[in-house]
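The values are calculated or read from the model by the stated rules, or taken from the named source; none is laboratory data. Bear in mind the structure is a predicted one, so any value in this text is a computation, not a measurement. With ideal geometry, Cβ positions are generated from the backbone for all residues, glycine too; neighbour counts draw on all protein chains shown.
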Amino acid sequence: MELKYGNQFLQLKMPRERILASITDDTSPSGRISAELIDDALAGCQEILKGFSPGEKVLIITSDITRYSGSEIYLPILVDMLNAGGIDDDKIEVLIALGIHRKQTREEHMKIVGPLFNRIKVVDHDCDDPSELTFIGRTSSGIDVEINRRVIEADKLILTGAIGFHYFAGFSGGRKSILPGVAGRKSCMASHFAVLNPEEEGGRNPAATTGCLEGNPVHKAMMEACAMVNPSLILNTVIAPDKRLIAAFAGDWREAHQRGCEFYSRRFSFTIHGKADLVILSCGGFPKDINFIQAHKSMEYGSQALKDAGIMIFLAQCREGYGHPTFFNWFRFRDLAEFEVELRSRYEINGQTAYSTLQKTKRFNVILISELPPEEVKVMGMTPAASLGEALELAEKLLPADYSVYVIPAGGAVLPVLP
């Protein structure tokens, strides 16, 4: 079988394998095309759309290049819909929800907005520019929420993006377009810090985990921040591992996102009857393995199918390195207790991802196929391999004769769950 690695395919040949598939070719049973799914989702929003008036200023928030959402399909449909309601192009602006990510290139803007490029104004959010930020309130847990001023200046606000699993917010999409999507750096940091239990308890809050919204403190903070701006409309998509748009949910920002999360959980949670000795895991290729911070999400999901002390062969190209210059520096801490103390004293989102990575590399044997420097891979607690064949040779030296295997070809989309 083939496993994606960046934009390439690596051939996997094994005499025994049990494949944990993420999605079949029949995922969209009606055979409807992407544009029809968007049209159908928006057809139920007529009452909301009646509240949009000619001449109003509309801001559409969408995701950056690391989170493919089908934006080049749905943004033109949204803009045409607004035009039909009397809102001209010069009153519409697209804001890219970068969070703390890097700015997008011209070519990336072209991919994100598709045929709207050079027609509709597109702006990258900047979490570090105080002139671009405005304070809108404080959450019940004490997070000061600063967001991009364009959100407040607009007459109408539309949130867009894709719904998927998220390793501590439960699911992506919905409220995440505001916090952390268009929030200031301090607000982003504070919301993510909620993943940790109070200091006297220590460790990570068990509710701040993949696929969980109930009782999740990170989700709660994001919901409260989003309620402060009360978006007019939301349009969230569900994207298959092969980048097909297979579902769309539109309407009230709370209700539509909830429906989307329930759909995604049903579609992409896969029951396994016991954990395996070996997991061979691909993120699903670019952009889910664009850098290690993004790839780590697949590592988190795939680890749910692996026995303690088991072996993970992890395919993550990481063409853009770690994803943030401070990420690798956190691996100067090798002891998890010392790491947590430092993380609490000077919290960074990238430090949290590094901490989560180290938790897994201490619990499992991880063999990483990537473009990262081999010596740095070792510092992170993993074994570097130059090819899939080399990784299999290394793994088989450590496995029992009757080892069990899961192959996960789309690790960025699928969550293994025990019954």
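When the strands (runs of 3 or more DSSP E) confined to the stretch 225-329 are screened for residues that are in the same structural domain as Ser71 (by TED's automatic domain parsing) and either under 30 Å from Glu36 (Cβ atoms) or at pLDDT 95 or above (or both), those reaching at least 3 such residues are found at 233-239, 245-251.
Here's the yes/no breakdown for (1) out of contact with any helix residue (DSSP H, G or I) (no Cβ under 8 Å at 6 or more places or on another chain); (2) surrounded by 13 or more Cβ atoms within 10 Å (Cβ to Cβ):
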site: Ile96; (1), (2): no, yes
site: Ile100; (1), (2): no, yes
site: Arg106; (1), (2): yes, no
site: Met110; (1), (2): yes, yes
site: Asp128; (1), (2): no, no
site: Ile152; (1), (2): no, yes
site: Thr160; (1), (2): no, yes
site: Ile163; (1), (2): no, yes
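Within the stretch 128-181, track down each residue that is in contact (Cβ under 8 Å) with a residue 60 or more places away in the chain and among the acidic types (Asp, Glu). If the condition is that a residue be in contact (Cβ under 8 Å) with a residue 60 or more places away in the chain and among the acidic types (Asp, Glu), then Glu153, Asp155 are the ones that fit. Screening Tyr74 with (1) modelled with pLDDT under 95; (2) hydroxyl-bearing (Ser, Thr, Tyr); (3) in a helix (DSSP H, G or I) gives one miss only, at (1). Being over 21 Å from the mean Cα position of the chain (by Cα) and at pLDDT 95 or above is a condition met by at least one residue of the stretch 59-68.
Check Ala207, Ala227, Ala221 and return the single one that is surrounded by 20 or more Cβ atoms within 10 Å (Cβ to Cβ) and either of a type in the set (D, E, K, R) or more than 17 Å from the chain's Cα centre (by Cα) (or both). The unique qualifying residue is Ala221. Only residues that are over 14 Å from Gln304 (Cα atoms), aliphatic (A, V, I, L, M) and in contact (Cβ under 8 Å) with a residue 24 or more places away in the chain were counted across the stretch 390-409, and they come to 6. Please work out which residue is surrounded by the most Cβ atoms within 10 Å (Cβ to Cβ), limiting yourself to the stretch 344-368 and to residues that are within 22 Å of the chain's Cα centre (by Cα) and farther than 20 Å from Gln304 by Cα. The extreme case among them is Gly351.
Remark: pairs (first residue in the stretch 243-260, over 11 Å from Arg175 (Cβ atoms) and without any contact (Cβ under 8 Å) to a residue 12 or more places away in the chain; second residue of a type in the set (A, V, I, L, M, F, W, C) and surrounded by fewer than 23 Cβ atoms within 10 Å (Cβ to Cβ); Cβ separation under 9 Å; 6+ apart in sequence or on different chains) are absent.
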